[in-house]
Amino acid sequence: MAKQVVSPRVRGFVCITAHPEGCAAHVREQIAYVKSRPAIKNGPKNVLVIGASTGYGLASRISAAFGAGANTFGVYFERPAANGKTASAGWYNTAAFEAEARKAGLYAASANGDAFSSAMKTAVIERLKKEMPQIDLVVYSLAAPRRTDPVSGETYSSVLKPVGSPYTSKNLNTDKKVVDEVTMQPATDAEIAATVKVMGGEDWKLWMDALEEAGLLAQGCQSVAYSYVGPQLTWPIYKDGSIGQAKKDLYAAAKAIDAQLKTLRGRAFVSVNKAVVTQASSAIPVVPLYISILFKIMKAKGIHEDCIEQIQRLFEDQMYNSGMLKYDDVGLVHIDDWEMREDVQKEVFEIWPKINTENLEELSDFAGYQSGFLKLFGFGLPGVDYSAEVETEVPIA
């Protein structure tokens with residue numbers, strides 16, 4: 001085993017270290033929030049989360065388990081500790097979640113590997129047949145930079161670029177704490193197609209087909225994937241950009257899966273969620289500056305939410321307690337409604353042209369953004385002694 005003092009080491013939009021006790025504290029914090037809420041009535045009993053170790057996927061697993069008493073199986077691709085390096089945050093999150101779930105008498109198991117591969121689908125399905133044979137909720141929450149097509153064997157990489165023409169905007173260099181300007185060149189047709197292959201709905205549909213063929217989907221089964229739309233300010237790089245083209249493919253997959261689940265009296269949909277600090281959102285130009293401004297405004301109004309509050313509200317208000325999903329005119333469900341409130345967006349747009357390096361801390365909550373970013377990796381949690389040596393080789397049972 002390997003004990004060491006673990007400190008944050010940030011490179012660009014990722015922290016290359018993670019704190020095991022801090023990650024565990026973060027998981028317990030989210031569990032405590034869910035337990036503070038009313039129980040989810042008529043909630044799921046057996047849940048498969050694909051992309052279960054961080055962000056909205058982890059929050060979904062926590063809400064299902066501790067809000068509804070569900071058994072959960074998680075699929076993720078994370079790195080264990082080795083050669084003096086810490087494990088990834090998602091590894092520590094999963095170890096902590098599964099330990100807490102078992103303490104509560106809940107079934108919790110997982111598989112670590114490439115969720116895009118046919119081999120992983122087969123291995124997971126064989127385990128589910130033995131251990132959790134009737135699934136009534138499938139959460140698809142993968143955020144990966146590349147994907148190998150299970151049929152052709154070709155590997156595709158996604159890009160975060162505008163479509164059609166270059167895009168120039170204000171940007172926040174989070175390393176240097178500098179507001180500067182960024183110009184992004186448009187994606188090529190090949191890059192757009194590759195992004196759709198990685199981040200579109202093809203793999204979600206492959207999972208659902210495989211689960212259905214194996215007879216694992218229960219009557220009334222629901223499936224949800226997550227997306228983001230945001231304000232017009234971010235549309236050139238997000239909604240109308242290469243990632244937006246992938247999301248259109250995801251929405252098309254949702255309709256196909258919904259039709260598939262109708263035979264089981266179930267449903268599938270895409271939930272459009274609020275902007276939050278995640279490893280994925282940190283990589284998108286323009287978005288960290290927008291998030292820093294948004295957080296200041298929403299916190300002042302008392303309506304700020306992180307992943308766990310969003311998913312708990314989705315489960316409580318729409319998926320289970322009422323059972324009534326509120327669709328928009330293109331068939332999407334929104335829990336980004338507080339972010340997109342007219343008064344919130346009006347204040348964002350008033351601040352945007354004024355903000356610069358000198359007034360960044362005054363006009364935004366960049367400190368909150370930084371704190372939220374480090375929290376993803378287990379740093380800055382109350383009650384954790386970051387000066388003490390900790391065991392970094394944490395097993396997942």
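The values are calculated or read from the model by the stated rules, or taken from the named source; none is laboratory data. Model, not experiment: these values are computed from the prediction. Cβ: placed from backbone, ideal geometry, glycine included. Neighbour counts: every protein chain shown.
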Taking V182 as the residue in question, decide whether it is at pLDDT below 95, farther than 27 Å from G266 by Cβ and among the β-branched types (V, I, T). yes
Can you confirm whether the range 35-45 contains a residue that is buried (at least 24 other Cβ atoms within 10 Å of the Cβ), within 20 Å of the chain's Cα centre (by Cα) and either modelled with pLDDT under 95 or under 25 Å from A275 (Cβ atoms) (or both)? no
Specify the residue that is surrounded by the most Cβ atoms within 10 Å (Cβ to Cβ); the eligible residues are those in the range 353-397 that are within 26 Å of the chain's Cα centre (by Cα) and over 30 Å from N112 (Cα atoms). S364
Quick check on W235: is it among the aromatic types (F, W, Y) and buried (at least 20 other Cβ atoms within 10 Å of the Cβ)? no
Can you go through Q310, Q318 and tell me which one is farther than 30 Å from E358 by Cα, touching a residue at least 60 places away in the same chain (Cβ under 8 Å) and either crowded, with 21+ Cβ neighbours inside 10 Å or touching a strand residue (DSSP E or B) at 6+ places or on another chain (Cβ under 8 Å) (or both)? Q310
Go through the range 335-375 and count every residue that is in a loop (DSSP other than H, G, I, E, B) and in contact with a helix residue (DSSP H, G or I) (Cβ under 6 Å, 6 or more places away or on another chain). 4
The one condition A18 fails out of (1) under 30 Å from A218 (Cβ atoms); (2) at pLDDT 95 or above; (3) not in a helix (DSSP H, G or I) is (1)
Filter the range 238-265 down to the residues that are buried (at least 22 other Cβ atoms within 10 Å of the Cβ) and among the basic types (K, R) and list them by number. K247
Taking the conditions exactly as written (crowded, with 17+ Cβ neighbours inside 10 Å, in a strand (DSSP E or B), at pLDDT 95 or above and among the β-branched types (V, I, T)), does V124 satisfy them or not? no
All positions within the range 188-232 that are within 24 Å of the chain's Cα centre (by Cα), crowded, with 17+ Cβ neighbours inside 10 Å and more than 17 Å from L250 (Cβ to Cβ): E191, L211, L217, C221, P231
